[in-house]
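Colleague: Below is the structure I would like to discuss, written out as structure tokens.
The values are calculated or read from the model by the stated rules, or taken from the named source; none is laboratory data. A quick note: this is a predicted structure, and the numbers were derived from the prediction, not measured. Here the Cβ positions follow ideal geometry from the backbone for every residue, glycine too, while neighbour counts run over all protein chains shown. SASA here: full protein model, heavy atoms, side chains in, ligands and nucleic acids out. Shrake-Rupley method; radii C 1.70, N 1.55, O 1.52, S 1.80 Å.
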Amino acid sequence: MLDFLAPYLPQAVGWLPKWQLFIAATAVFNSVQNFATIKLTQRVYDRVPVTALQARTFAIWTLTSAVVRAYAAYNINEKHVYDMAFFTYLIAFGHFSSEFFIFRSVTVNPGSMSPVIVSTLSLVWMFTQYEFYVKS
């Protein structure tokens, strides 16, 4: 049914490259919505008012991560690319952890937990699969 998409998907073995592409695509969506409205961003940062400028800044940060992750999806065996993608998840995890534990701008809710779950899952997955994808 979706065989016509196969040539455009990452060709490396395993699910991690496809995951990288999926997360990159969702990040592009998130970037677009951050440019268009602050409603969804306000759900993430539910303890503080969110301005349009903050949402657009978040959009650029998210779009930058999407580019790195999409590039990693197609170049998963390149050490430097793999490492850069890994760090995008580490930065996201650090950001949301600090917003929860230090700055208290988020609470536990679906909007804030989604990036925490994605970044944690991706970090663990990439850490445990490093030797498989990056052959030193």
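Colleague: Given THR41, THR37, THR57, THR62, which one is surrounded by 15 or more Cβ atoms within 10 Å (Cβ to Cβ) and either modelled with pLDDT under 95 or farther than 21 Å from LEU123 by Cβ (or both)?
Modeller: Answer to the selection: THR41.
Colleague: Also: So which helices (runs of 4 or more DSSP H) stay within region 1-110 end to end and still have 1 or more residues that are within 15 Å of the chain's Cα centre (by Cα) and free of Cβ contacts under 8 Å to residues at least 12 places away in the same chain?
Modeller: Passing ranges, in order: 16-36, 52-74, 79-101.
Colleague: List pairs: first in region 112-136 and over 18 Å from ALA66 (Cα atoms), second open to solvent by 60 Å² or more (accessible area, probe 1.4 Å) and of a type in the set (Lys, Arg), Cβ under 6 Å, 6+ apart or cross-chain?
Modeller: Filtered contacts from region 112-136: VAL134/LYS79.
Colleague: Looking only at region 65-85, how many residues end up being of a type in the set (Ser, Thr, Tyr) and in contact with a Ser or Thr (Cβ under 8 Å, 6 or more places away or on another chain)?
Modeller: Of the residues in region 65-85, 1 are of a type in the set (Ser, Thr, Tyr) and in contact with a Ser or Thr (Cβ under 8 Å, 6 or more places away or on another chain).
Colleague: Could you go through region 80-103 and let me know if any residue there is charged (D, E, K, R), at pLDDT 95 or above and open to solvent by 50 Å² or more (accessible area, probe 1.4 Å).
Modeller: The answer is no, given that none of the residues of region 80-103 is charged (D, E, K, R), at pLDDT 95 or above and open to solvent by 50 Å² or more (accessible area, probe 1.4 Å).
Colleague: I would also like to ask the following. Here's a check for you: in region 85-111, which residue that is among the β-branched types (Val, Ile, Thr) and in contact with a Lys or Arg (Cβ under 7 Å, 6 or more places away or on another chain) is nearest to THR64 (Cα to Cα)?
Modeller: Across region 85-111, the extreme among qualifying residues is THR88.
Colleague: Which condition does LYS135 not pass, out of (1) at pLDDT 95 or above; (2) of a type outside the set (Ser, Thr, Tyr); (3) over 14 Å from TRP19 (Cβ atoms), if it passes all the others?
Modeller: Failed condition: (1).
Colleague: Within region 111-136, how many residues are open to solvent by 50 Å² or more (accessible area, probe 1.4 Å), not in a loop (DSSP other than H, G, I, E, B) and not acidic (Asp, Glu)?
Modeller: 11
Colleague: If a residue must be of a type outside the set (A, V, I, L, M) and closer than 9 Å to ALA73 by Cβ, how many such residues does region 3-20 contain?
Modeller: 5
Colleague: Which ones in region 91-122 are under 14 Å from ARG43 (Cα atoms) and of a type in the set (Gly, Ala, Ser)?
Modeller: Answer for region 91-122, where residues must be under 14 Å from ARG43 (Cα atoms) and of a type in the set (Gly, Ala, Ser): SER105, GLY111, SER112, SER114.
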